[in-house]
Structures are given as C-alpha cells and as structure tokens.
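Below you'll find the structure, written out as structure tokens, and then a few comments.
The values are calculated or read from the model by the stated rules, or taken from the named source; none is laboratory data. Note that this is a predicted model, so its numbers are computed, not measured. Quick reminder, even Gly has a Cβ in these numbers, built from the backbone with ideal geometry, and neighbours come from all protein chains shown. To get the accessible areas, we keep the full protein, side chains included, count just its heavy atoms, and leave off ligands, DNA and RNA. Shrake-Rupley method; radii C 1.70, N 1.55, O 1.52, S 1.80 Å.
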Amino acid sequence: MTKPLAIDLFCGHCRAPINGRSDKKYCNPRCAQRHKNGRKTMPFERKCLVCYANILIANPSDANRKYCSQKCAKKSHAKGIGIWNKLHPERIGHYRAQRVKKNADLWKEQARSERRRILELLGGRCIVCSVDNPHWLHVDYIPTTRGEMHRHPRTLKFTREHPELFRILCANHHYELTLTGKIEGTEIVQ
C-alpha cells in the first residue's frame, strides 16, 4: 500500500491552504461539517442583524459573526437584556439585592473609580498651585450654576464630552473662589 503524496491543496470550504495528504479535502473537521451542512463557501457576505450593513466573511474566524461592529453587538445585547428585564421584574430586584450582599461597597468603589478617571482626564492637579493629592482636589464647573434650577451632570461621560467646562482646583482655592468670587493673584473669577 502506497501513501498518498504530500502536496499543497486548498480547503474545500474556507479556501485555506492544506499541507498534508492529497486525499484531504478540508483543513479541519469544522470546515468539513460546515460544507456538509450547505454553508456558503468563503469569502461571502452576510447582513448585520442590527443595522443590515454587509459583513465580509473571509475566513473561519469570521464564520460566526452576526454584527458589523462592537457597537451593533452591544445594541443587540442591550435590547435582549431589556426584553428579559420586562419579562422578569421580580428577578431584577433579587439580583440587585444579592449584588449588594456580595459587595456592600460596590457603589462607593464605582464612584471613586469614576472620580479618579475624571481627575486623570482633567490633568490631575490644581491649576493654581499644582497640588496633586487626589483627596484635596475638587472638580470645578466653570460656568457656574448659581441661579440655575439644576446642577450640571457630574458623570464621566459628560466630563469627557465637555472637558473645556471643567477645571481642577485644590480645596483651598475652590473655597476661596466660592466665597470671594475670585482667586487672588490669578485671573480666575467665578
């Protein structure tokens, strides 16, 4: 009995090169099964399940793609979670209670993490005296909210979108600005 010759071939499904026996038709069992089940041979295009944009399926690593981008995948996932939440409102209360039991400081940690990222985004030091101790720093909203009905949003998202509306001051300079309306020795006024 003679062995088949070792030659270079291409997979019958994904068109990847196969090095090995001449009687081998597919690069791996998964490609063989996909071909047997009648899946399209690669490359081919598929529609995104969210925005209906074309997705090029070029190789086996793309074969299970359903979405054109991470944004569409998140949108689809969020929609599914929203539907589940509406169908199971009693479970949501249970899950939230369990989460707090497991980690009582969850919300504190999240707020501290967000504050730390806001400080990093805005430079991490007082613009007057360059103090960089995060415990002494305040994030000041430049167009004040005096006389306004609501305060400005204090979220990381809002700060990222509008960094020009914020500045970092140490506690002393922030109190001086709040009480007197200006910081002595600088051009900073409220």
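Residue by residue through segment 115-154, note down the ones that are modelled with pLDDT under 90 and out of contact with any strand residue (DSSP E or B) (no Cβ under 7 Å at 6 or more places or on another chain).
PRO143, THR144, THR145, ARG146, GLY147, GLU148, MET149, HIS150, ARG151, PRO153, ARG154
Residues of segment 128-147 being over 14 Å from LEU165 (Cα atoms) and either among the small types (Gly, Ala, Ser) or in a loop (DSSP other than H, G, I, E, B) (or both), which ones?
Within segment 128-147, VAL128, CYS129, SER130, VAL131, ASP132, ASN133, PRO134, HIS135, TRP136, ARG146, GLY147 qualify.
Which residue pairs have Cβ atoms closer than 6 Å, lie 6 or more positions apart in sequence or on different chains, and pair a first residue in segment 172-187 that is more than 20 Å from PRO134 (Cβ to Cβ) with a second residue that is in a helix (DSSP H, G or I)?
The qualifying pairs are ILE183/HIS173; ILE183/GLU176; ILE183/LEU177.
Search segment 142-187 for residues being buried (at least 16 other Cβ atoms within 10 Å of the Cβ) and under 18 Å from GLY124 (Cβ atoms), and hand back the single one that is nearest to the chain's Cα centre (by Cα). Full working, then the answer.
Initial filter on segment 142-187 (buried (at least 16 other Cβ atoms within 10 Å of the Cβ)): 152, 159, 166-170, 173-174, 176-177, 183.
Checking which are under 18 Å from GLY124 (Cβ atoms) leaves us with 159, 166-170, 173-174.
Numbers: THR159: 17, PHE166: 24, ARG167: 26, ILE168: 26, LEU169: 29, CYS170: 31, HIS173: 35, HIS174: 33 Å.
Restricting to residues being buried (at least 16 other Cβ atoms within 10 Å of the Cβ) and under 18 Å from GLY124 (Cβ atoms), the top hit is THR159.
Taking the options ARG65, ARG117, name whichever one is in a helix (DSSP H, G or I) and of a type in the set (D, E, K, R). I'd like the intermediate steps shown before the answer.
Numbers: ARG65 fails: in a helix (DSSP H, G or I).
Going through ARG65, ARG117 in turn, just one is in a helix (DSSP H, G or I) and of a type in the set (D, E, K, R): ARG117.
I'm checking my understanding of the structure. Among residues of segment 1-47 that are basic (Lys, Arg) and surrounded by fewer than 12 Cβ atoms within 10 Å (Cβ to Cβ), which one is modelled with the highest pLDDT? Before the answer, list the steps.
Going residue by residue through segment 1-47, those that are basic (Lys, Arg) are 3, 15, 21, 24-25, 30, 34, 36, 39-40, 46-47.
Checking which are surrounded by fewer than 12 Cβ atoms within 10 Å (Cβ to Cβ) leaves us with 3, 36.
Working: LYS3: 54, LYS36: 78.
Looking at residues that are basic (Lys, Arg) and surrounded by fewer than 12 Cβ atoms within 10 Å (Cβ to Cβ), I get LYS36.
Within the set of pairs 6+ apart or on separate chains, which have a first residue in segment 48-71 that is open to solvent by 60 Å² or more (accessible area, probe 1.4 Å), a second that is acidic (Asp, Glu), and C-beta atoms under 9 Å apart?
ASN54/GLU45; LEU56/GLU45; LEU56/ASP62
Do we find a residue being farther than 16 Å from ILE118 by Cβ, among the charged types (D, E, K, R) and at pLDDT 90 or above anywhere in segment 160-174?
No: segment 160-174 contains no residue that is farther than 16 Å from ILE118 by Cβ, among the charged types (D, E, K, R) and at pLDDT 90 or above.
Taking the options ARG91, ARG125, ARG96, name whichever one is open to solvent by 50 Å² or more (accessible area, probe 1.4 Å), more than 16 Å from ARG160 (Cβ to Cβ) and in contact with an Asp or Glu (Cβ under 8 Å, 6 or more places away or on another chain).
Only one candidate passes the filter, namely ARG125.
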